[in-house]
Amino acid sequence: MFYKKRQGGYTTLLVIVFGSLFVFSVAALSGRVLVEQDAERARMYKAQARAIAEAGLEYYKWFLAHNPDDTQHGTGGPGPYNIAYEDPESDVVGTFSLDITGNEQCGAITSIDIDSTGWSVDDPTVTATITGRYAQPSVAEYAYIVDDNVWVGSDRQISGRYHANGGIRFDGTSNSEVSSAVATWTCTDSFGCSPASTTPGVFGDGGDQELWEYPSPQFDFVGIAQDFNALRTLAQSDGIFYAGYGGHTSEGRGYRLVFQNNRTVDIYQVRRSNVYSGAHIDSGVYENDYYVPRRVRYLGNYSIPSDCGLIYIEDRVWVEGTISGKVTLVAADTTYAGYEPKVIIEDDLDYTTTSGADGLTILAEGDIHISPESPEDLDINAILIAQEGYFGRNLYPCFYANSHQDTLTVRGSIVSNTRVGTKWGYTYWPWCFNQTSGYENRVNSYDRNLATDPPPFTPVSSPDYQFVEWRED
């Protein structure tokens, strides 16, 4: 009897233990199901909030298309602006709140930042915020734009989009789109093809060839032309302006600009320059150039206006230094027909920071040259636009001390009307056998920060406004 009682006690204990485990298991499983349901609902509400926030950006894009530069939603007062979002097939499903900021330079809106926060009526506590920058895309989105046939050598390293309105022989390396506006072109010995042959719009031994595109839409070089008269007037009233010093009559004259890291610039008057004998890539003929100042006069140190970083020089310009803030340098002359001022880069062009707060656009009516006395290693941070000319360093005979240099690094964009050249093999100087002129190593990368927020009056690559930046916060 005593034995049976003990056996019954064990049975009861086992029932209690396993029953408790079962209850706990069911409770845990139920709790997990509820947690999963809550998580799924949270994901659903987050997805709804994100979709509503995206709808807010699209709505204001539509609004700006009908009300350009209106950053106050037609109210005349500050935001944010809460707007009910209706599903076309039902009723109000949520709300988006718009916080809008216009970015101004030189008194004009250059871009509009829109923060759109959305939430659904099912759970207003779950929100999503998406930020977009609405602007015309600029040439700063490209590493290169050339209105000519080009040859990218095997030693070239290019980061960013590369476009030519002519054909492209591409033997270098690139991590982005390489596009030509032509389906086929005739490659001659000037591009390494002997005998001349008809080739695809883009061909060569470089890569990644899956990123090659041809024919692609032609880039409108006429469209990037700036109204120099308007820029001249604006610089006179709000920026820095210097009238011509006589560069149209004497190539050795102009102005020298040395940027300082405190947003000032030292300006010199160049009265005379040394003569060098150089040849451009498409010339083959050595001509005198005057790219090294010999006699200069100091004119002063000038503060660059913080709200309008525009400098207009109506003559040839030599430039170097460290740029603070966003600055655009224009070298143009609308007075003397046929005179297209050049810009000569003497030494490094640096920024005080690479965060995107600093930027330089050089807009030359003529060429943009690298000085024959440039340093062995040259760093250029800038958006360089040779509207009617070309960017490059001329071919100089090997007896010049600085003829052969080491590394050229460009961080920014190069927009050149004609073919670019910064490295040469000697053809006309037999005693320079097996040598090169220019920079042995060349590295190019576009500036991601300036692609969406360039200096004032940087030419656009498309007339259509669009979201040039889009991110979820």
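The values are calculated or read from the model by the stated rules, or taken from the named source; none is laboratory data. Keep in mind it's a predicted model, so treat the numbers as computed, not measured. Cβ atoms come from the backbone with ideal geometry, glycine included; neighbour counts cover every protein chain shown. These area figures cover heavy atoms from the full protein model, side chains too; ligands, DNA and RNA do not enter into them. Shrake-Rupley method; radii C 1.70, N 1.55, O 1.52, S 1.80 Å.
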Only one of GLN48, GLN37 is surrounded by 13 or more Cβ atoms within 10 Å (Cβ to Cβ), modelled with pLDDT under 90 and of a type outside the set (A, V, I, L, M, F, W, C), namely GLN48
Of VAL296, VAL222, VAL270, VAL202, the only residue that is open to solvent by 80 Å² or more (accessible area, probe 1.4 Å) and hydrophobic (A, V, I, L, M, F, W, C) is VAL222
So the strands (runs of 3 or more DSSP E) completely within segment 309-395 holding 2 or more residues that are open to solvent by 10 Å² or more (accessible area, probe 1.4 Å) are 317-323, 343-351, 377-386
Condition test on VAL317, is it at pLDDT below 95 and not charged (D, E, K, R)?
no
Checked segment 422-445 for anything small (Gly, Ala, Ser) and either open to solvent by 40 Å² or more (accessible area, probe 1.4 Å) or modelled with pLDDT under 85 (or both); matches are GLY425
Problem set entry | Verdict on VAL139 being under 30 Å from ALA230 (Cα atoms), modelled with pLDDT of 95 or more and either under 30 Å from the mean Cα position of the chain (by Cα) or open to solvent by 30 Å² or more (accessible area, probe 1.4 Å) (or both) | no
_Hey, GLU89 out of contact with any helix residue (DSSP H, G or I) (no Cβ under 9 Å at 6 or more places or on another chain), buried (at least 17 other Cβ atoms within 10 Å of the Cβ), charged (D, E, K, R) and under 24 Å from VAL121 (Cβ atoms) or not_ = no
Note on ALA183: of the conditions (1) hydrophobic (A, V, I, L, M, F, W, C); (2) out of contact with any helix residue (DSSP H, G or I) (no Cβ under 9 Å at 6 or more places or on another chain); (3) within 22 Å of PHE457 (Cα to Cα), unmet is (3)
Within segment 276-308, the residues that are touching a Phe, Trp or Tyr at 6+ places or on another chain (Cβ under 8 Å), within 24 Å of TYR242 (Cβ to Cβ) and not hydroxyl-bearing (Ser, Thr, Tyr) are ASP289, VAL292, PRO293, VAL296, ARG297, LEU299
Only one of (1) open to solvent by 40 Å² or more (accessible area, probe 1.4 Å); (2) closer than 29 Å to LEU231 by Cα; (3) not acidic (Asp, Glu) does not apply to ALA401, and that is (2)
Listed by first then second residue, the pairs whose first member lies in segment 47-59 and is closer than 14 Å to THR129 by Cβ, whose partner is in a helix (DSSP H, G or I) and among the small types (Gly, Ala, Ser), with beta carbons under 9 Å and at least 6 positions apart or on separate chains, are none
ask   = Going by the structure shown, is GLN105 open to solvent by less than 80 Å² (accessible area, probe 1.4 Å) and within 30 Å of the chain's Cα centre (by Cα)?
value = yes
ARG448 vs (1) open to solvent by 10 Å² or more (accessible area, probe 1.4 Å); (2) touching a strand residue (DSSP E or B) at 6+ places or on another chain (Cβ under 9 Å); (3) closer than 30 Å to ARG133 by Cβ: all pass except (2)
Those residues of segment 187-199 which are touching a strand residue (DSSP E or B) at 6+ places or on another chain (Cβ under 8 Å) and open to solvent by 80 Å² or more (accessible area, probe 1.4 Å) amount to THR198
Regarding THR418, is this residue open to solvent by less than 50 Å² (accessible area, probe 1.4 Å), at pLDDT 95 or above and closer than 23 Å to VAL317 by Cα?
no
Restricting segment 68-100 to residues that are of a type in the set (D, E, K, R) and in a loop (DSSP other than H, G, I, E, B), the one nearest to SER111 (Cα to Cα) turns out to be ASP69
Suppose the filter is of a type in the set (Val, Ile, Thr), out of contact with any strand residue (DSSP E or B) (no Cβ under 7 Å at 6 or more places or on another chain) and in contact (Cβ under 8 Å) with a residue 60 or more places away in the chain; does THR354 pass it? yes
Those residues of segment 229-253 which are under 29 Å from the mean Cα position of the chain (by Cα) and crowded, with 18+ Cβ neighbours inside 10 Å amount to LEU231, ARG232, LEU234, ALA235, GLY239, ILE240, PHE241, TYR242
Of the residues in segment 372-415 that are without any contact (Cβ under 8 Å) to a residue 60 or more places away in the chain and of a type in the set (D, E, K, R), the one that is farthest from THR328 (Cα to Cα) is ASP406
Checked SER216, SER179 against criteria (part of a strand (DSSP E or B) and open to solvent by less than 70 Å² (accessible area, probe 1.4 Å)); the one match is SER179
